[in-house]
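What follows draws every value from the coordinates through simple rules; no lab data is involved. None of the values given here were measured: they were computed from a predicted structure. Cβ placement follows ideal geometry from the backbone for every residue including glycine, while neighbour counts extend to all protein chains displayed.
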Amino acid sequence: MDEHWNPAWPAEWQRHAAALRELLTDEEDHSDVLPGFTVHGMDVGKWLVKQRQHTVWAGLMDGQRELLEAVGVVPLPLEQAEPAKGTKKAVSAFEKGVAAGAVQGPGRAL
């Protein structure tokens, strides 16, 4: 009998973890489990990517992290954990024109 038959976490999470464990039983390379990779109709790849995010990983119960670590899953390295966010905001054509005019200086033709 599976010791995790009645876990404290959601059954849906447990189903994904069991599908991943089944998939990775004889595998060493987890890089092939990409989003879109399904097992029993569940997108295990998408679920796995989410679980490895530091914000999600930190919110998992100890038993959940232990189940993932038992099949070789660890959180993403910090530089891959969160997508890079752009620091530039959208600029309208008018704002670009005003900025170009400021660079040209007053009284100069464009």
Inset, instruction - Note down the nm distance, to one decimal, between modelled labels 7 Å out along Cα→Cβ at Trp5 and at Met42. - result: 1.8
Legend entry - Length gained when the stretch Ala58-Glu79 is fully extended (0.36 nm per residue, less Cα-Cα span): 5.9 nm
Inset, instruction - Order the peptides 38-45, 15-22, 58-65 from the highest to the lowest mean number of other Cβ atoms within 10 Å of their residues. - result: 15-22, 38-45, 58-65
